[in-house]
Amino acid sequence: MDKIKVLVVDDHDLIVLAARQIFSKVPQIKMIGMASDGEEAYKKIKDLKPNVVVLDVILPGINGIELTKKISAEFPDTKVVLYSSSVSEDVIVTGFEAGAMAYVPKNFKSGQLIEAIQTVTKGEHYSKGFVSEILIDNFLKTKTRKDILNNKLTEREIQILQAITKGMTNQQMADNLHISVRTVEAHKSNIMKKLKLGSTAELVVYAIKHKLVKI
């Protein structure tokens, strides 16, 4: 199996050194280079063609969010893991909207950075803990709400869809909305028919893929 080629972009030498030490202990991952600013990172991505870029948000020159947009547009096979000291809701949401596949705060355990890299390499999004909570809390805001309404879902169906994405059971949804479990099941069935999906799992994947949830 080919190793996952990783480029680290951060203007702090200690962070780059720490990342190198972390990756040296994982046989499946190879750190192929580093960059300290956005312009240098862009050139190295073009030359080295990494599978994953571990990218800080705050950088000299092109910031991490703008660079993420460029990577998503020009290098679709390269996945972005934002690895930042910022835990701002706006930054996290904006990062995923720009095309990042994962967001890992620097104060998290090193194992989560490894897990994030392995996950995005499979083409899957990665978020854990409060990052997931922030993303779900942004469900149904502005553009998201319009996207769902364009699928002709009713207000009640929107509430059900939101609850499904949060991982609530049918009974929890029924209790929260003061309706019966059978009614919840009927709403879920209607949603899946309108979206042409066959299971709850497909519904959650659909919500993520079509940015109904911003991950």
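Bear in mind that the values in this text are calculations on the coordinates, not laboratory data. Keep in mind that this is a model prediction, so the values were computed, not measured. Cβ coordinates were reconstructed from backbone atoms using ideal geometry, including for glycine residues, and neighbour counts include every protein chain displayed.
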Please list 3J(HN,Hα) in residue order for the stretch 187-196, calculated via the Karplus relation 6.51 cos²θ - 1.76 cosθ + 1.60 where θ = phi - 60°; whole Hz, with x for glycine and proline. 5, 4, 4, 5, 4, 5, 5, 5, 8, 6
Backbone HN-Hα couplings from phi across the stretch 13-25 [Karplus 6.51/-1.76/1.60, Hz, Gly and Pro as x]: 4, 5, 5, 5, 5, 4, 4, 4, 5, 4, 6, 5, 9
Taking other Cβ within 10 Å of each residue's Cβ, how do D77, D56 sort, fewest first? D77, D56
Determine ³J(HN,Hα), in whole Hz, for all residues of the stretch 93-103 in sequence, where each value follows from phi through the Karplus function 6.51 cos²θ - 1.76 cosθ + 1.60 and θ = phi - 60°; x replaces Gly and Pro. 5, 4, x, 5, 5, 6, x, 5, 9, 7, 9
Kindly state, to the nearest 0.05, the FRET efficiency for D13 paired with A201, given R0 = 45 Å and r defined as their beta-carbon distance. 0.55
Among the trypsin sites (Lys or Arg not before Pro) in the stretch 49-116, which ones are in a DSSP loop with at most 14 other Cβ atoms within 10 Å of the Cβ? Mind listing them? K109
In µm²/s, what is D for the stretch 4-126 at 25 °C and 0.890 mPa s, where D = kT/(6 pi eta Rh) by Stokes-Einstein and Rh is the Kirkwood radius from Cα pairs? 178 µm²/s
